[in-house]
């Protein structure tokens, strides 16, 4: 719904801008209507864009980091019959990312069993999550790996 609003708002924005440009030699009323539509659409697009930033990104829509190998899972949330929410860190990206997987019982079971089997100090990772066949794998894409020890403190 939010994506549709942004698309429609963007189209209306360009229509308002086009109306303002085309009606340059028209009466001031038509020019002001075009300018009002342009300003209104800017506000709508800005508002919905900010709202979209707080929602998780579907994992299938990742374009820029699709060739990244392993991704570390910081936390996850399972909402039955809705989806799997992952908070992950991608190598080379400074801030964590928030992703959404469609609900799949087998994937949810693999994720919870992998997180429960972890030893203290281990890290839960997803092996190649943006490849697209996360559900079709015979073995679990979620693995526990030992974390590198922290460097010694210098006094």
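Derivation of every value follows stated rules applied to the coordinates shown; laboratory data play no part. Predicted model only: the values in this text are computed from it and were never measured. Here Cβ is always computed from backbone atoms with ideal geometry, including for glycine, and neighbour counts include all displayed protein chains.
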With a ≥ b ≥ c from the Cα gyration tensor eigenvalues, square-rooted, and the rule rounded for a/c under 1.5, otherwise prolate when a/b > b/c and oblate otherwise, the stretch 61-146 is rounded
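Quick one: 107, 112, fewest Cβ neighbours within 10 Å first, how do they rank?
Result, fewest neighbours first: 112, 107.
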The FRET efficiency for residue 109 and residue 75, from their Cβ-Cβ distance with R0 = 22 Å and rounded to 0.05, is 0.80
Taking R0 as 35 Å and r as the Cβ-Cβ distance between residue 116 and residue 54, the FRET efficiency 1/(1 + (r/R0)^6), rounded to the nearest 0.05, comes to 0.75
Once both label points are put 7 Å beyond Cα along the C-beta direction, the residue 24-residue 7 separation in nm becomes 3.2 nm
When 41, 11 are ranked with the fewest other C-beta atoms within 10 Å first, the list becomes 11, 41
The extension gain from residue 153 to residue 66, computed as 0.36 nm times the residue separation minus the Cα-Cα distance, is 27.7 nm
In nm, the gap between the two label points placed 7 Å beyond Cα toward Cβ at residue 32 and residue 140 is 6.6 nm
